[in-house]
1. Is there any pair linking a residue in the range 363-382 that is under 24 Å from Tyr406 (Cβ atoms) and part of a helix (DSSP H, G or I) to one that is of a type in the set (Gly, Ala, Ser) and modelled with pLDDT of 90 or more, with Cβ under 9 Å and at least six apart or on different chains, and which?
2. In the range 353-364, what residues are surrounded by 14 or more Cβ atoms within 10 Å (Cβ to Cβ) and under 17 Å from Ile321 (Cα atoms)?
3. Condition first: closer than 23 Å to His191 by Cβ, touching a helix residue (DSSP H, G or I) at 6+ places or on another chain (Cβ under 6 Å) and either among the aromatic types (Phe, Trp, Tyr) or touching a residue at least 24 places away in the same chain (Cβ under 8 Å) (or both). Can you find one or more residues in the range 29-50 that meet it?
4. Being farther than 30 Å from Gln334 by Cβ, in contact (Cβ under 8 Å) with a residue 24 or more places away in the chain and in contact with a helix residue (DSSP H, G or I) (Cβ under 9 Å, 6 or more places away or on another chain) narrows it down to one of Val301, Val246, so name that one.
5. Quick one: which residue in Ser172, Ser168, Ser149 is assigned to a strand (DSSP E or B), under 22 Å from Asp63 (Cα atoms), open to solvent by less than 40 Å² (accessible area, probe 1.4 Å) and touching a residue at least 40 places away in the same chain (Cβ under 8 Å)?
6. For the range 109-126, name all the residues that are part of a strand (DSSP E or B) and either open to solvent by 70 Å² or more (accessible area, probe 1.4 Å) or in contact with a Ser or Thr (Cβ under 6 Å, 6 or more places away or on another chain) (or both).
7. Search the range 74-94 for residues being in contact (Cβ under 8 Å) with a residue 60 or more places away in the chain and in a helix (DSSP H, G or I), and hand back the single one that is surrounded by the most Cβ atoms within 10 Å (Cβ to Cβ).
8. Would you tally the residues in the range 299-320 being in contact with an Asp or Glu (Cβ under 9 Å, 6 or more places away or on another chain) and not hydrophobic (A, V, I, L, M, F, W, C)?
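The values are calculated or read from the model by the stated rules, or taken from the named source; none is laboratory data. These numbers were taken from a predicted model, which means no experiment stands behind them. Backbone-built Cβ (ideal geometry, glycine too); neighbour counts: all protein chains shown. Each accessible area value is taken on the protein alone, full model and side chains, heavy atoms only, with ligands, DNA and RNA left out. Shrake-Rupley method; radii C 1.70, N 1.55, O 1.52, S 1.80 Å.
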Amino acid sequence: MSSDRTVRMQQLRVAVVGAGAAGLCAARHILSRPDTFAPPVVYELTEHVGGTWFYEERTGSYDNGLPIHSSMYRDLRTNLPKEVMMFPDFPFDPQLPSFLPHQEVQKYLERYCQSHCITPHIRFSAVVDEVSPVVTEGKGPMTTWEVTSRDKSGSQNTETFDSVFICSGHYSDPHIPSIPGLERFKGKVIHSHSYRHPEPFSGQSVVVLGAGASGLDISLELGRSNAQVTLSHGKPTLPFPLPYGVHQATPVEEIQEDGSLRFQDGSITQAQVLLLCTGYNFSYPFLEPARLGLEVQEHLVTPLYRFLMPPAFPSLFIIGICKIICPFPHFHCQVQFALAVLEGSVALPSLAEMEEEAQGEMARKVERGVQLRHMLKMDKEQWGYAQTLAQTGRFAPLPPVTQSLYEEVWRQRQVHPQNYRQVNYRLVSDTQWEEQELHAGE
């Protein structure tokens, strides 16, 4: 009996904010280490798991007045094959095609949640109002965390934890670019966060601002629904033919007195809809960044050691802050590294050294000419990063086949943006994949 009590006293209590893919991954790995960790408390804003993968037909606000979290649109299909997307220790159903409708990813996350018995540890409809450190001086400064949350009835509750994992994502606070004269636009302005399906735009002239993954995908969807689409962006001209009804333009410079749009190259157009596919801001309303030694800007949070934790408070982990990554495998590595830190199997450098490493990383990017808003884009650097986390945290690295197939699909996407999803893949081994013929009707 007494040894059982000792285990309980020594167990670390961890709070997880958000029950999307990252939060479920954190909870799953915490639950797999019962000697070190008490079961987690997972705070979830909505009544379901899945985060941004849960399709919400409504836009605007929930019944409780909070803004709708998900940015999912009805016909989205994944732009990564399931063989690359999956958590490395939890494959998708092999019968499914490689590129999935979002509903299948939601089902996968629900299955992940059930099979690791996470649901009993989730508090649904719980709004986190504040996460704050409490530093006590003893043999050395000790930090615990107070998490204040509100349930459906509005009653507040504060609990204390040894560590907090922030898994609230960064696709819920739309970034509205400053376009001179935007208030003069006479049509409808919407952000892709509130876009759900193309039918309402049929027969309308739409200027889509931004040619990232969603800007391109939504433009193609609108074109197929008989909208006249101008895809306005600052990238080099896209190297593939766009379908009838979709053409490219330079960035929007300003909205003129009469409500028309003037582009960078001087051309002018009228439009009924301005659809902003301009990304999202980082937003952590429950944190007090200055107190944590952090600066939170629209597109950047600094300094973060290993893109994960504030050097001054290395028991707070912000999971999945990087962009242009393979999300689920990325979370899988970050979570296991964070738990190794908490378990004490990773010895962290001093505060000054962690700050220096985090700032040095940013300084090198500035030297390479990386713009502020692209600082957290990983892209090709994600593989070395995941490898470093695995080596330091002493857990199994990602299999090489993940990178190899990810890069193949990336190449196909550049050349065949409209039909790269028609291919199916199969993993042959940790290092090999093969293409499969699509079955009839797929």
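1. Here the result reads Arg373/Gly279, each pair linking the range 363-382 to a residue that is of a type in the set (Gly, Ala, Ser) and modelled with pLDDT of 90 or more.
2. Ala358, Glu361, Met362, listed by residue number.
3. Scanning the range 29-50 turns up at least one residue that is closer than 23 Å to His191 by Cβ, touching a helix residue (DSSP H, G or I) at 6+ places or on another chain (Cβ under 6 Å) and either among the aromatic types (Phe, Trp, Tyr) or touching a residue at least 24 places away in the same chain (Cβ under 8 Å) (or both).
4. From the options Val301, Val246, the qualifying one is Val246.
5. Of the residues listed, the single one that is assigned to a strand (DSSP E or B), under 22 Å from Asp63 (Cα atoms), open to solvent by less than 40 Å² (accessible area, probe 1.4 Å) and touching a residue at least 40 places away in the same chain (Cβ under 8 Å) is Ser149.
6. Of everything in the range 109-126, just one residue is part of a strand (DSSP E or B) and either open to solvent by 70 Å² or more (accessible area, probe 1.4 Å) or in contact with a Ser or Thr (Cβ under 6 Å, 6 or more places away or on another chain) (or both), namely Arg123.
7. My answer is Val84.
8. Residues that pass the stated criteria total 6.
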